[in-house]
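These notes are about the structure you will find just below.
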Amino acid sequence: MRSLASLFRATLLLLLVACFLPVSADPRAQSDSIFGPLPVFEFHSGFWLNLHHMLYEQAKALRDPSEHPTPGKYAHSFLDRAPEPHPALTAAEQRLWNDAVNFYVVNYADRDLLFSNDLVILKNQLGDFEDCDELSGAKKKTCDAGLPPNITHVLESAGAIYRAHYWSAHDRANRQWIAMIAPLIREQGVGISERLAAAYQTKWPKPKIRVDVSVYANWAGAYTTLDPLRVTISSLDPRNQDTAALEVLFHEASHGIAEPVEQAIVRECRQRDKAIPRDLWHALVSYTTGELIYTAMTPDNSISPPDNSVPGGGASPYAIREGLYARGWDDYLPLLTRFWQPYLDGHASFDDAIARMVSSL
Ligand SMILES: [Zn+2]
């Protein structure tokens with residue numbers, strides 16, 4: 001009897017597990033495009049936003065081939081590696097697709113995804129309507145994105161082709177990227193966010209930061225727009241993989257909380273009647289993110305000095321590896337190591353560190 005009872009209990013348990021597992025383990029239970037639950041960030045793989053960035057990238061490549069020697073580099077190189085054969089577009093599909101790219105050439109290719117208000121609003125709107133099959137609201141009123149009719153028409157026409165030929169591979173790449181970063185966010189996310197906020201003398205935003213994962217993002221591989229704070233990051237960009245992905249994410253998110261640093265630099269400059277140094281706050285954010293991430297990732301909290309001789313590698317912070325300091329920030333690195341690092345190590349105050357950096361400019 002005892003064994004029957006325990007068998008019953010075990011069967012009941014198995015049944016319960018079988019009933020609940022698919023619901024709780026399936027990230028699509030809430031929405032097709034949101035992943036969770038993870039701390040700090042909320043990851044999305046959205047159809048319209050991915051389509052928008054792909055059209056923008058192809059339009060840019062057409063507009064200025066010298067800057068884009070391999071049009072659609074990431075998207076196409078990924079499709080080439082995709083396991084199933086990629087079906088060719090029919091002549092009619094190719095015409096519709098070309099029309100959409102040309103629309104982007106005429107209307108958007110000269111504008112920057114980060115600095116054009118229209119493009120930021122469009123990107124946010126496409127993110128918000130990611131679970132809709134349409135943008136016009138013709139079939140479902142709640143799917144009227146309120147976009148100008150010409151852009152709605154272009155995106156819906158190209159959308160049919162994108163859905164048929166590209167989206168499943170792109171969505172899979174985005175989901176794989178999210179699966180790659182998820183354990184790092186789960187283990188390190190809260191700690192790193194708290195340390196960064198403390199370094200900038202502020203609080204990390206309470207709501208999770210929306211991260212739109214897209215096969216193509218922008219020339220930098222990731223960008224951040226404010227009000228609302230949203231990060232767009234490329235899943236296939238080689239610069240956004242493994243630990244570097246964590247650093248890029250936190251660097252981008254820091255754009256939303258670095259205001260106290262910017263203000264402190266401006267204040268110090270005004271007091272000393274100095275010109276406000278271009279991008280010092282940005283170099284500081286890059287430096288700080290790199291330092292804190294690699295401190296968090298090394299168990300004994302020791303950071304080995306960045307090794308620039310290793311191409312793309314080792315534990316060198318992203319900003320140094322990508323040569324950011326060489327792009328006009330080279331004067332800032334010695335200041336950051338001399339005056340900002342002691343603050344990060346707890347040997348100087350925030351105000352002192354900023355004041356000393358500014359007075360040494
Ligand atoms: Zn940045």
Set Leu135, Leu114: member being out of contact with any Leu (no Cβ under 8 Å at 6 or more places or on another chain) and surrounded by 13 or more Cβ atoms within 10 Å (Cβ to Cβ) | Leu114
Counting only residues that are under 23 Å from Asp227 (Cα atoms) and without any contact (Cβ under 8 Å) to a residue 12 or more places away in the chain, which one in segment 246-281 is least open to solvent (accessible area, probe 1.4 Å)?
-> Val266
Yes or no: Ala169 surrounded by fewer than 14 Cβ atoms within 10 Å (Cβ to Cβ) and within 22 Å of Gln94 (Cβ to Cβ)?
-> no
Filtering segment 328-358 down to residues that are open to solvent by 60 Å² or more (accessible area, probe 1.4 Å) and in a helix (DSSP H, G or I) yields Pro334, Thr337, Arg338, Asp351, Asp352, Arg356
If you take the residues of segment 55-106 that are farther than 20 Å from Arg239 by Cα and of a type in the set (Lys, Arg), which of them is modelled with the lowest pLDDT?
-> Arg63
Examine segment 262-281 for a residue that is within 29 Å of Glu57 (Cα to Cα), more than 11 Å from the chain's Cα centre (by Cα) and more than 16 Å from the ligand (Cβ to nearest atom), and state whether such a residue exists.
-> no
Would it be correct to say that Glu42 is modelled with pLDDT of 80 or more, of a type in the set (D, E, K, R) and open to solvent by 10 Å² or more (accessible area, probe 1.4 Å)?
-> yes
Residue in segment 218-234 that is within 16 Å of the ligand (Cβ to nearest atom), in a loop (DSSP other than H, G, I, E, B) and of a type outside the set (A, V, I, L, M, F, W, C) present = yes
Scanning segment 245-274 residue by residue, the ones that are in a helix (DSSP H, G or I), small (Gly, Ala, Ser) and in contact with a Pro (Cβ under 9 Å, 6 or more places away or on another chain) total 1
Selection within segment 235-255 - of a type in the set (Ser, Thr, Tyr) and away from the ligand (no atom under 15 Å from the Cβ) = Ser235, Thr243
Expected single match for out of contact with any strand residue (DSSP E or B) (no Cβ under 7 Å at 6 or more places or on another chain), crowded, with 18+ Cβ neighbours inside 10 Å and assigned to a helix (DSSP H, G or I) among Ala158, Ala182 is Ala158
Breaking point among (1) modelled with pLDDT under 95; (2) within 19 Å of Pro39 (Cβ to Cβ), for Ala217 | (2)
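For (1) away from the ligand (no atom under 16 Å from the Cβ); (2) closer than 29 Å to Ala283 by Cα; (3) loosely packed, with under 15 Cβ neighbours inside 10 Å; (4) touching a residue at least 12 places away in the same chain (Cβ under 8 Å), each residue gets a yes or a no:
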{"residue": "Ala145", "(1), (2), (3), (4)": "yes, no, no, yes"}
{"residue": "Ile151", "(1), (2), (3), (4)": "yes, no, no, yes"}
{"residue": "Val154", "(1), (2), (3), (4)": "yes, no, no, yes"}
{"residue": "Arg163", "(1), (2), (3), (4)": "yes, no, yes, yes"}
{"residue": "Gln176", "(1), (2), (3), (4)": "yes, no, yes, yes"}
{"residue": "Ala197", "(1), (2), (3), (4)": "yes, yes, no, yes"}
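The values are calculated or read from the model by the stated rules, or taken from the named source; none is laboratory data. Note that this is a predicted model, so its numbers are computed, not measured. All Cβ positions, glycine included, derive from the backbone under ideal geometry; neighbour counts span all protein chains shown. Surface areas here come from the heavy atoms of the whole protein model, side chains and all, with no ligands, DNA or RNA. Shrake-Rupley method; radii C 1.70, N 1.55, O 1.52, S 1.80 Å.
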